[in-house]
Amino acid sequence: MAGYLRGQIARMANVNVETLRYYEEEGLLPPPDRSESGYRLYSEEILNRLAFIHNAKSCGFTLKEIKKALTSSGSGQITLDDFLAAIEKKSDKIRGEIAKKEETLNRLTRLKQDLQAEERHPEVKATLRMLRMDS
């Protein structure tokens, strides 16, 4: 039986050997075949699976979400429409996070402007006095 040893597949996939071990323990990778002497042997398919995991992680999917997709696809329970819906859901979540960050950035900008203003609002003056920053 041909296959790659753990160190070889890790180098080829540009992951740490411990990452492979973790992915196996978490069910993201199926248990590898074994050689007659007991060494783990990995197939080319594992490289594809590792590439999928890497790409999905870089798109913001969690390992739990990735495992669910892999498990569902392995049993034929996920369709392209399901996958597209998951992508849209993740996109919506990220848009929400961006909106919150933009609001935070706007608040910081207003705070900076209020602190640099010639005529400060009484509440700003009171806050600066409390912080012992009034000048």
Q | Positions within segment 88-135 being touching a residue at least 12 places away in the same chain (Cβ under 8 Å) and not basic (Lys, Arg), in sequence order | A | 94, 115, 128
Q) Just for segment 64-85: of the residues that are under 14 Å from the mean Cα position of the chain (by Cα) and in contact (Cβ under 8 Å) with a residue 12 or more places away in the chain, which one is nearest to residue 26 (Cα to Cα)? A) 67
Q: Would you be able to tell me the number of residues in segment 44-82 that are outside any helix (DSSP H, G or I) and closer than 22 Å to residue 11 by Cα?
A: 0
Q) Regarding residue 100, is this residue outside any loop (DSSP other than H, G, I, E, B) and surrounded by 12 or more Cβ atoms within 10 Å (Cβ to Cβ)? A) no
(Q) If residue 20 satisfies all but one of (1) in a loop (DSSP other than H, G, I, E, B); (2) under 18 Å from residue 67 (Cα atoms), what's the number of the condition it fails? (A) (1)
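Rule-based calculations on the coordinates, nothing more; no lab input. Source: prediction; values computed, not measured. Note that we place each Cβ from the backbone using ideal geometry, even for glycine, and neighbour counts take in every protein chain shown.
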